[in-house]
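All remarks here apply to the structure that follows.
The values are calculated or read from the model by the stated rules, or taken from the named source; none is laboratory data. Owing to the predicted nature of the structure, the values given are computational and were not obtained by experimental measurement. Cβ coordinates were reconstructed from backbone atoms using ideal geometry, including for glycine residues, and neighbour counts include every protein chain displayed. Just the protein is used for accessible areas: all its heavy atoms, side chains included, with ligands, DNA and RNA removed. Shrake-Rupley method; radii C 1.70, N 1.55, O 1.52, S 1.80 Å.
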Amino acid sequence: MIQLLRGMKDILPPESGKWEELQHVAEEVFSSFGYGLSITPVVEKTELFVRSVGEDTDVVSKEMYTCKDRGDESITLRPEGTASIIRAYLSSPEWKSKLLKTWYWGPMFRYERPQKGRYRQFFQFGLEAIGTDSPHVDAELIYLLNHFYKKIGIDDARVEINSIGCPECRPAYKNDLVAFFMSKKEELCGDCKGRLDTNPLRLLDCKNPSCSSLLVGVPNIQKYLCNTCTTHNERLLKDLDKLKVVYNVNPNLVRGLDYYTRTVFEFVTDKLGGRQNALGGGGRYDVLSAQLGEKAVPSVGYAGGVERTIMLMSELEGSLNKIPVYVAMMDDETLETYLPLILELKKYSSEHNKIKSLVFVEDDFKSRDIKKHLSRADKSGAKFALIAGAYELRDGLLSIKDLTKKQETKIKVDLNDLKKTVHDICGRIFEEENS
Ligand code: HAM
């Protein structure tokens with residue numbers, strides 16, 4: 001058998017049901033806060049990521065999937081979504097210089113060492129608000145994400161937040177940071193020795209224990225912020241207090257990509273285990289468009305890792321809105337007579353999948369005896385079975401069996417009024433599900 005590439009993952013049913021659910025909640029929450037969907041290519045000119053994410057970052061220097069296309073152009077599978085969105089914004093005559101609030105969802109590629117919660121192809125959902133320097137937009141973004149994580153049942157997601165200043169105030173901090181670590185240079189890991197020259201801020205979040213133990217007494221960036229950065233930060237934190245969003249100011253929080261200014265934040269949880277505790281991260285990138293040679297467009301955004309979010313949702317049985325249902329018709333006549341009803345039910349479920357709905361599993365439209373049906377239903381993970389045979393057909397009935405509670409009720413079938421029957425069946429299942 002040809003094997004899957006290392007660090008890649010197939011997503012098949014039933015796991016894909018959780019993906020659908022997450023995508024649905026994302027769409028619902030993000031669009032109601034005014035973020036519209038953007039779709040950009042998964043492959044871009046390499047230069048886009050080199051200039052935005054930054055040449056000295058791990059992502060660009062070690063992790064990109066880059067190759068030449070047949071026209072000898074260097075192209076890269078996107079390692080993240082922000083650079084593409086800002087490129088799309090800057091090249092769109094319609095949006096350039098307006099406020100664009102947008103969200104996206106799709107695969108990203110980083111050649112990292114795979115481990116739990118870390119893949120080489122992974123999905124992100126992201127939000128970007130481009131063309132605003134208002135701290136209230138930062139606050140709104142954090143507020144809506146807080147709401148989003150709660151809505152999908154990840155109650156313990158916490159916000160870690162910091163301001164890393166701007167090109168005005170950060171250089172003084174960097175100088176002092178380098179001076180601080182210079183005296184400890186010999187104790188730093190190989191990567192951090194290099195970062196002293198290239199990317200000193202990253203010394204603050206090296207996961208190597210020998211480096212993190214050196215952080216005692218490290219200069220605090222908050223003390224170096226210029227007036228404008230301080231005001232921005234204070235307004236944001238004041239908003240979060242008003243909005244009752246719980247956060248932790250972490251002066252050592254920095255991000256792995258180079259384009260951030262002022263606000264940086266992450267949503268973290270202890271439940272992921274291992275070293276990957278970030279559900280996602282983001283912040284302001286007011287000078288990113290200038291790095292791309294355009295005028296500066298103040299912006300803020302966030303991206304969450306889909307696999308990590310799904311891993312936590314998997315532990316939240318019962319949060320799923322889809323109820324798996326198995327159809328068990330015991331003879332051909334019953335199957336043929338009830339087929340319009342079964343298909344109407346499926347159509348209804350597809351139309352009403354924005355709320356709690358049914359999802360049909362293991363349906364090959366074959367009649368079987370009840371024992372075989374129930375064993376298949378069991379293996380499929382169905383919660384309910386819709387059962388009918390000669391007896392039900394004669395009396396115009398359908399049995400609804402709750403496979404967990406092992407209880408059965410019967411419902412009247414009116415083949416001349418399928419909509420009503422479908423409505424009654426769904427109503428009964430939702431009632432049983434909640435009881
Ligand atoms: P990032 O911190 O590089 O930020 O990635 C955001 C999230 O994507 C991470 O917190 C993690 O959940 C997930 N992630 C990253 N790498 C992997 C991986 N190899 N496997 C699984 N999940 C992963 C960004 O990408 C920025 N574009 C976020 C942003 C948007 N900033 C402003 N706007």
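Some notes on this structure:
- E392 falls short of the stated requirement of being of a type outside the set (S, T, N, Q) and open to solvent by 20 Å² or more (accessible area, probe 1.4 Å).
- Considering A83, A139, the condition of being part of a helix (DSSP H, G or I) and away from the ligand (no atom under 14 Å from the Cβ) is satisfied by A139 alone.
- Within region 212-261, tally of residues that are of a type outside the set (D, E), out of contact with any Phe, Trp or Tyr (no Cβ under 9 Å at 6 or more places or on another chain) and outside any loop (DSSP other than H, G, I, E, B): 17
- Pairs linking a residue in region 410-422 that is closer than 16 Å to F384 by Cβ to a residue that is basic (K, R) and surrounded by fewer than 11 Cβ atoms within 10 Å (Cβ to Cβ), with Cβ atoms under 7 Å and 6 or more positions apart or on different chains, do not occur.
- Only residues that are touching a strand residue (DSSP E or B) at 6+ places or on another chain (Cβ under 8 Å) and more than 9 Å from the ligand (Cβ to nearest atom) were counted in region 253-267, giving 6.
- Selection from region 178-198 of residues that are of a type outside the set (K, R), in contact with a helix residue (DSSP H, G or I) (Cβ under 9 Å, 6 or more places away or on another chain) and part of a loop (DSSP other than H, G, I, E, B): L188, C189
- Within region 65-97, the set of residues being surrounded by 16 or more Cβ atoms within 10 Å (Cβ to Cβ) and over 26 Å from the mean Cα position of the chain (by Cα) comprises K96 only.
- Neighbours by Cβ (under 6 Å, 6+ apart or cross-chain): first from region 362-377, closer than 18 Å to P340 by Cβ; second surrounded by fewer than 16 Cβ atoms within 10 Å (Cβ to Cβ): S367/D331; S367/D332
- Qualifying residue in region 346-359 (condition: within 20 Å of T334 (Cα to Cα) and touching a residue at least 40 places away in the same chain (Cβ under 8 Å)): no
- Taken together, the residues in region 359-389 that are open to solvent by less than 50 Å² (accessible area, probe 1.4 Å), touching a Leu at 6+ places or on another chain (Cβ under 9 Å) and not polar (S, T, N, Q) amount to 8.
- Residue within region 283-302 that is within 12 Å of the ligand (Cβ to nearest atom) and open to solvent by 30 Å² or more (accessible area, probe 1.4 Å) present: no
- Exclusive hit being more than 28 Å from G34 (Cβ to Cβ), within 11 Å of the ligand (Cβ to nearest atom), in contact (Cβ under 8 Å) with a residue 40 or more places away in the chain and in contact with a Leu (Cβ under 8 Å, 6 or more places away or on another chain), set L279, L272: L272
- All positions within region 406-418 that are surrounded by 11 or more Cβ atoms within 10 Å (Cβ to Cβ) and either out of contact with any Leu (no Cβ under 8 Å at 6 or more places or on another chain) or on the phi > 0 side of the Ramachandran plot (or both): Q407, E408, T409, D414, D417
- Which listed residue is touching a Pro at 6+ places or on another chain (Cβ under 9 Å) and within 21 Å of I323 (Cα to Cα), from L374, L418: L418
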